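The structure appears below as structure tokens.
The values are calculated or read from the model by the stated rules, or taken from the named source; none is laboratory data. This is a predicted model, so every value here is computed, not measured. All Cβ positions, glycine included, derive from the backbone under ideal geometry; neighbour counts span all protein chains shown.
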């Protein structure tokens, strides 16, 4: 029965889209769009409130990491979000599931020839959005649209059309990885060169270096990009400033794992540089530490239970005779709150993530495994923050990793000069320590909306 109902529902949906029943679809979507409250709850949106706040719609909300909630907490904006599956259904109705372009970020985000099949998909999608979005925005009172990433295909057309009908599209970059390593920087430069010029109203990045990179490679003009820090860091920094010293009954090690296939993503590395052995050594050594020291909790935080790491490490553990379910103090927990983990940890371990910087600014001992088997290899090129390694504890072997962890569990104090260096690093890569990123974002959103409104007068 459910299957029949689902087929019927999708058939009606396809009919409505094909026949351009814009009003009907806008009415339906106004019912599925949600509001994020100042308390961080997700509720059904009601237009009845007449509080004079600017109503902002978040695209690809799943990809943000707390930034929409931060904007809502400011109590100066009303933040709505469209569930991703409803946004994607519209996108894939036009782009279909074809190999030609649906998964080709370059094709969908750059200028392409009129006779290209992808262009025809894009043209049809944008043409339909011109009829749909004005009705949706009128129903909900939307005055601004935000999205999280320059290459998210599902947002490119939506944002472009929004801008052209008088609703500004502001891209708030969800992270800052442009300068994390030489390899990442080069990849980002090649990406910027391959993309069409930014079609939105304004681009917000976290750091000034990111801003300069985008301007230098002509992705966006200087007057349409700002570096304003990271919204979600404001609440974290406030917690750091008021946090009490960790007083765990059991010592806790938190490890943020890396994917061999993604982070160390140089195919050559698997064959020539010892990357595979490095992956084995790091993960197995942490598991064995949990076995050898049952009084210590080892908590591993992958991005999700479907992250590539989970499959990769499962094979490694089995080959090494390790069975995670038989180790009561070894926890693999993908859905724990990152900030809570940092503040509750005695020792933090990981690589190639800005979470290292968050742990660093919280005055936690941070250990980076940088084993000799991958030093001076192709893998070496993808390591983040190498210029700041002196601000962390660097483990060059399995033995070194265990020794540093055990030492830091009982000697957690961070030298004052090291902390000053960490502060400089955090502000350079992530956000201001003044806890004013949210305030800056809100002010800019208001400014951009006001400027767009004045054009219509």
Query raised in the report: Do we have any residue at all in region 337-348 that's surrounded by 16 or more Cβ atoms within 10 Å (Cβ to Cβ) and closer than 12 Å to residue 395 by Cβ?
Result: yes
Query raised in the report: Does residue 444 satisfy the criteria of being part of a helix (DSSP H, G or I) and either farther than 22 Å from residue 208 by Cβ or more than 29 Å from the chain's Cα centre (by Cα) (or both)?
Result: no
Report summary line: Taking first residues from region 3-19 that are modelled with pLDDT of 85 or more and second residues anywhere that are in a helix (DSSP H, G or I), the pairs with Cβ under 6 Å that are 6 or more apart or on different chains are 16/24; 16/25; 17/93
Query raised in the report: Just for region 276-321: of the residues that are assigned to a loop (DSSP other than H, G, I, E, B) and within 23 Å of residue 396 (Cα to Cα), which one is farthest from the chain's Cα centre (by Cα)?
Result: 293
Query raised in the report: Does residue 453 meet the test of being closer than 17 Å to residue 255 by Cα and surrounded by fewer than 15 Cβ atoms within 10 Å (Cβ to Cβ)?
Result: no
Query raised in the report: Out of (1) in a helix (DSSP H, G or I); (2) over 30 Å from residue 375 (Cβ atoms), what's the single condition that is false for residue 403?
Result: (2)
Report summary line: The lone condition residue 28 fails out of (1) under 23 Å from residue 160 (Cα atoms); (2) at pLDDT below 85 is (2)
Query - Out of 420, 439, 413, 399, sole residue that is in the same structural domain as residue 68 (by TED's automatic domain parsing) and surrounded by fewer than 20 Cβ atoms within 10 Å (Cβ to Cβ) - result: 439
Report summary line: Of the residues in region 49-69, those that are surrounded by fewer than 20 Cβ atoms within 10 Å (Cβ to Cβ), part of a helix (DSSP H, G or I) and in contact (Cβ under 8 Å) with a residue 60 or more places away in the chain number 1
